[in-house]
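Asks: Sharing a structure below in structure tokens format, with a few things to ask.
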């Protein structure tokens, strides 16, 4: 019986963790804070660094910390993991990480370092769509009633939610798309995510159903929720 053919890893991953995290309150940088004893960024990194299809991961950190990372992160740096200094905005950080990403990888995923509970199921689904030549955004269908205001507090209308999704990460794309949209000087500095840039360029982008526990940690209350969720998931 012949052995199954094993394809070489073909995925690069950019993890954005260069923000100041001011809304998380005083203390060490948000991305380095522990959730049940495990740094949040390490939780966000593990599903990708351990994935058999991922060849290279680049993490964008605040300036100064890429050269002097915490010990638990610095000891992981090597052939599969690179740290770079991010920029003042998310697009600048993604652009810097893309420049450091190993060439020849046809698929790239971008993930927020503040999302520590992404599932392997979601990662696999995003990779599969990006390999098929489609942009893929991990997302959740809107379940709340959505109101549009006049610009203050006065409600102008209730928005139909049946076709609305809340975009999350990871987001995956053919590498050439990201190289193009981020290669244009200052292109995308007003964009809120990578999918928006690809949408503007006319590329097809789809949503991939995500799991509710892939939440983004922003405030002290979010950390308390994360602690409870980590206990449930372990």
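Asks: For segment 167-212, what are the residues that are modelled with pLDDT under 95, loosely packed, with under 15 Cβ neighbours inside 10 Å and not in a loop (DSSP other than H, G, I, E, B)?
Replies: Of everything in segment 167-212, those that are modelled with pLDDT under 95, loosely packed, with under 15 Cβ neighbours inside 10 Å and not in a loop (DSSP other than H, G, I, E, B) turn out to be 183, 200.
Asks: Hey, another quick one. For segment 164-186, how many residues meet the condition of being touching a helix residue (DSSP H, G or I) at 6+ places or on another chain (Cβ under 7 Å) and either within 21 Å of residue 115 (Cβ to Cβ) or without any contact (Cβ under 8 Å) to a residue 12 or more places away in the chain (or both)?
Replies: So the count comes out to 7.
Asks: Within segment 74-86, which residues are surrounded by fewer than 18 Cβ atoms within 10 Å (Cβ to Cβ) and in a loop (DSSP other than H, G, I, E, B)?
Replies: Residues satisfying the conditions are 75, 76, 77, 78, 79, 80.
Asks: Let me ask something else. Failed condition for residue 101, given (1) over 26 Å from residue 234 (Cα atoms); (2) surrounded by fewer than 21 Cβ atoms within 10 Å (Cβ to Cβ), with all others met?
Replies: Result: residue 101 passes all but (2).
Asks: Another one. Check residue 95 against each of (1) in a strand (DSSP E or B); (2) buried (at least 20 other Cβ atoms within 10 Å of the Cβ); (3) touching a helix residue (DSSP H, G or I) at 6+ places or on another chain (Cβ under 7 Å) and name the one condition it does not meet.
Replies: Result: residue 95 passes all but (1).
Asks: Which residues, counting only those in segment 50-59, are under 17 Å from residue 8 (Cβ atoms) and either surrounded by fewer than 22 Cβ atoms within 10 Å (Cβ to Cβ) or in contact with a helix residue (DSSP H, G or I) (Cβ under 8 Å, 6 or more places away or on another chain) (or both)?
Replies: 50, 51, 52, 53, 54, 55, 57
Asks: Can you report the number of residues in segment 143-163 which are in a loop (DSSP other than H, G, I, E, B) and either under 27 Å from the mean Cα position of the chain (by Cα) or in contact (Cβ under 8 Å) with a residue 24 or more places away in the chain (or both)?
Replies: Qualifying residue count for the region: 6.
Asks: Could you list, ordered by first residue, the pairs with Cβ atoms under 6 Å in which the first is in segment 218-234 and within 19 Å of residue 113 (Cα to Cα) and the second is modelled with pLDDT under 90, at least 6 apart or interchain?
Replies: 218/23; 219/23; 220/25
Asks: Something else: Can you go through 140, 105 and tell me which one is in contact with a strand residue (DSSP E or B) (Cβ under 9 Å, 6 or more places away or on another chain), outside any helix (DSSP H, G or I) and over 24 Å from residue 82 (Cβ atoms)?
Replies: Checking each option against the conditions leaves just 140.
Asks: For residues in segment 27-44 being under 13 Å from residue 73 (Cβ atoms) and surrounded by 23 or more Cβ atoms within 10 Å (Cβ to Cβ), which is modelled with the lowest pLDDT?
Replies: Once the filter is applied, the top-ranked residue is 31.
Asks: Can I ask one more? Considering (1) within 30 Å of residue 162 (Cβ to Cβ); (2) modelled with pLDDT of 95 or more; (3) surrounded by 13 or more Cβ atoms within 10 Å (Cβ to Cβ), say which one residue 90 fails and leave the rest.
Replies: Every condition holds for residue 90 apart from (2).
The values are calculated or read from the model by the stated rules, or taken from the named source; none is laboratory data. Keep in mind the model is a prediction, meaning the values are calculated, not measured. Reconstructed Cβ throughout: ideal geometry from the backbone, glycine too, with neighbour counts over all protein chains shown.
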